[in-house]
Amino acid sequence: MRLLYTKPKLKDMSQGSRIAFARQFRLMTQDNVSDKLGLTGECKRRTMTRYEKGNRNPKEDRTREIANILEVNYNAIKKYDFIEIIDVIYYLMWLEELLPNYQIDLSNVSYVDEKQIVIIRNFINEWNLIRNKRQKREITYNDYINWKLNYNLEEK
């Protein structure tokens, strides 16, 4: 039997939908993730189903375990509170999955901390370079999504 790969689709911006997207991108089933989390019993998949549907939110340590299993940055799948600038950056990247080719204009933003605007502008410049590489087919779709799922602000 031959399986056909289809790109994962993001349903919404919830933590559960982002976890499901990353899991599907990694070609893993809920059972695969449940096994790696050490869940057992007849309903071991139920926990992952509840996380992905948003009926239950994983605690921070469980979210870190899931991020490790899915080989993504913790910030890609954590619950956002927008206290840290990385939440805004990841939200912008996830938004692209819902609204492909949307544009960000920060030219008239004046009421936000200038340091944060500089961080976001630098990120957007880097992101545009990666997007351009993807459009020119210099990198694959997988390379592009991997970059997004593993973006790390601390290295900048």
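The values are calculated or read from the model by the stated rules, or taken from the named source; none is laboratory data. Here the structure is a predicted model, which is why all the values come from computation and not from measurement. Backbone-built Cβ (ideal geometry, glycine too); neighbour counts: all protein chains shown.
Structure notes:
- Flag if Gly38 is within 11 Å of Gly16 (Cα to Cα) and of a type in the set (Gly, Ala, Ser): no
- Among the residues making up region 143-153, those that are surrounded by fewer than 15 Cβ atoms within 10 Å (Cβ to Cβ) and either among the hydroxyl-bearing types (Ser, Thr, Tyr) or at pLDDT 95 or above (or both) are Asp143, Asn150.
- Criterion violated by Arg137 - all others in (1) in a loop (DSSP other than H, G, I, E, B); (2) assigned by TED's automatic domain parsing to the domain that holds Met28; (3) among the charged types (D, E, K, R) satisfied: (2)
For every residue, the table says whether it meets (1) loosely packed, with under 14 Cβ neighbours inside 10 Å; (2) modelled with pLDDT under 95; (3) over 30 Å from Arg131 (Cβ atoms).
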{"residue": "Gly38", "(1), (2), (3)": "yes, yes, yes"}
{"residue": "Glu60", "(1), (2), (3)": "yes, no, yes"}
{"residue": "Ile69", "(1), (2), (3)": "no, no, no"}
{"residue": "Asp105", "(1), (2), (3)": "yes, yes, no"}
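- Restricting attention to region 40-58, the residues being exposed (fewer than 10 other Cβ atoms within 10 Å of the Cβ) and charged (D, E, K, R) number 1.
- Residue-level analysis places Asn68 among those that are under 18 Å from the mean Cα position of the chain (by Cα) and in a helix (DSSP H, G or I).
- Of the residues making up region 113-143, those that are touching a Leu at 6+ places or on another chain (Cβ under 9 Å) and of a type outside the set (D, E, K, R) number 6.
- Test: residue in region 19-30 that is assigned to a helix (DSSP H, G or I) and surrounded by fewer than 16 Cβ atoms within 10 Å (Cβ to Cβ): no
- Residue tally, condition assigned to a loop (DSSP other than H, G, I, E, B) and either at pLDDT 95 or above or under 21 Å from Trp94 (Cα atoms) (or both), over region 40-58: 5
- Selection count, region 73-126, where residues are among the charged types (D, E, K, R) and not in a helix (DSSP H, G or I): 6
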